[in-house]
Amino acid sequence: MTVRRTVATVEWLRSGRGAIVVAALVSAWWLVGLRLDADGDLARQVVLGALTWVILGLALAASRPDQRLQVLVMVGVATGFECLGSLVWGLYQYRLENLPLYVPPGHGLFYLVALRIADLPAVTSRRRLLVPGVLLGGAVLALAGLIRGGPPDLLGALTWLILARFLLRGRAPVFYAVSFVLTMLLEAYGTALGTWAWQPVVPLLGIAAGNPPACIGAGYCVMDGLARRLTARLRRATGRPLPEAAPQRIPVS
């Protein structure tokens with residue numbers, strides 16, 4: 001009976017309602033976890049990191065196999081980007097000047113939640129409103145960054161161009177739109193707490209940036225797209241390609 005209940009619970013969590021529950025739980029964890037890290041020491045950060053890995057493991061156990069591989073690839077991709085962007089380039093910096101242990105699994109969780117939400121019929125059926133709405137909202141953010149007091153947020157404006165590319169030309173614009181919204185909320189929350197901060201001037205390039213840059217969520221779209229491509233190649237290399245979904249182009253009329 002216990003095994004049957006466990007299987008039934010996992011199947012329910014893989015359903016549409018389950019996706020909403022998973023998204024709510026992940027959101028609650030980040031609201032609490034980042035707040036705890038904001039004024040904690042390294043020991044607390046390590047504990048938060050370990051708990052985040054556990055949560056990712058549980059979330060993957062309640063996900064489809066094809067989603068698990070994508071998420072694990074995303075963890076690897078994001079870790080490389082984080083090391084480059086924070087530790088090497090110095091584009092942004094975490095509070096303790098390190099790479100917190102919760103960051104790699106955190107990227108996996110956000111990728112998984114974006115996948116699950118983008119699959120919901122209530123979301124996909126509204127893609128003609130969602131994708132243009134996110135693109136327009138990003139444009140408003142970019143414009144606000146350019147006319148803000150002080151140096152204009154040029155990095156934010158440039159990242160809007162990246163967002164436009166993924167929303168207008170990407171094969172999964174609904175997924176990228178959801179990912180952008182989720183990660184912009186994360187960036188706003190994390191920088192407001194002081195958990196991490198973006199440099200006011202981009203190293204090497206010398207252009208001004210906001211904290212966070214207006215459309216930096218587009219950077220997550222870049223990682224998402226790379227993770228999707230690498231996953232497809234891994235599946236082909238093992239002789240188990242994922243079924244190719246038709247491009248979700250948004251009609252212009």
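Annotation: amide H of L96 has no partner in the under-5 Å range at sequence separation 5 or more or interchain, hydrogens built in the peptide plane. Rounded to the nearest Hz, the phi-derived 3J(HN,Hα) couplings of region 209-220 under the Karplus curve 6.51 cos²θ - 1.76 cosθ + 1.60 (θ = phi - 60°) are 9, x, 10, x, x, 3, 10, 5, x, 5, x, 5, where x marks glycine and proline. Which of P104, P173, P151 moves most in a GNM of the chain, Cα contacts under 10 Å? Of P104, P173, P151, the most mobile in the Gaussian network model is P151.
Going by a ≥ b ≥ c, the root eigenvalues of the Cα gyration tensor, does region 109-197 fall in the rounded group (a/c under 1.5), the prolate group (a/b larger than b/c) or the oblate group? Oblate is the answer for region 109-197, as a/c is 1.5 or above yet b/c matches or exceeds a/b.
In plain terms, the chain is cut at each of the GluC sites (Glu not before Pro) found in a DSSP loop with at most 11 other Cβ atoms within 10 Å, and the longest leftover piece is 98-243. What is the sum of charges, Lys and Arg at +1 and Asp and Glu at -1, for the other residues whose Cβ falls under 11 Å from the Cβ of G133? The answer is +3.
If the segment from A197 to L31 were pulled out straight at 0.36 nm per residue, it would be longer than the present Cα-Cα gap by 58.0 nm.
Residue-wise HN-Hα couplings along region 111-116, as the Karplus relation 6.51 cos²θ - 1.76 cosθ + 1.60 with θ = phi - 60° gives them from phi, are 5, 5, 4, 4, 4, 5 Hz; Gly and Pro carry x. Rounded to whole numbers, the Karplus 3J(HN,Hα) couplings from phi for region 39-50 are 10, x, 9, 5, 4, 5, 5, 5, 4, 4, x, 4 Hz, using 6.51 cos²θ - 1.76 cosθ + 1.60 with θ = phi - 60°, and x at Gly and Pro.
Counting Lys and Arg as +1 and Asp and Glu as -1, what is the net charge of the other residues whose Cβ lies under 13 Å from the Cβ of A118?
It works out to a net charge of +3.
Note on the chain: along the principal axes its Cα atoms extend 63, 54, 34 Å, ordered by decreasing extent. Only protein atoms count toward the accessible area here, which uses a 1.4 Å probe; on the chain, the carbon and sulfur part of that area reaches 68 percent. The charge dipole of region 1-141, taken about the Cα centre with unit charges on the Cβ atoms of Lys, Arg (+1) and Asp, Glu (-1), comes to about 700 debye, rounded to the nearest 20. Shape of region 61-165 from the C-alpha gyration tensor: oblate (a/c of 1.5 or more and a/b not above b/c, with a ≥ b ≥ c the square roots of its eigenvalues). Placing unit charges on the Cβ atoms of the charged side chains and taking the dipole of the chain about its Cα centre, the candidate lying farthest along the positive direction among Y111, P152, F81 is Y111.
The values are calculated or read from the model by the stated rules, or taken from the named source; none is laboratory data. Predicted, not measured: the structure shown is a model, and the values here were computed from it. Note that each Cβ is placed from the backbone with ideal geometry, even for glycine, and that neighbours are counted across all protein chains shown. Areas reflect the complete protein model, heavy atoms only, side chains present, ligands, DNA and RNA absent. Shrake-Rupley method; radii C 1.70, N 1.55, O 1.52, S 1.80 Å.
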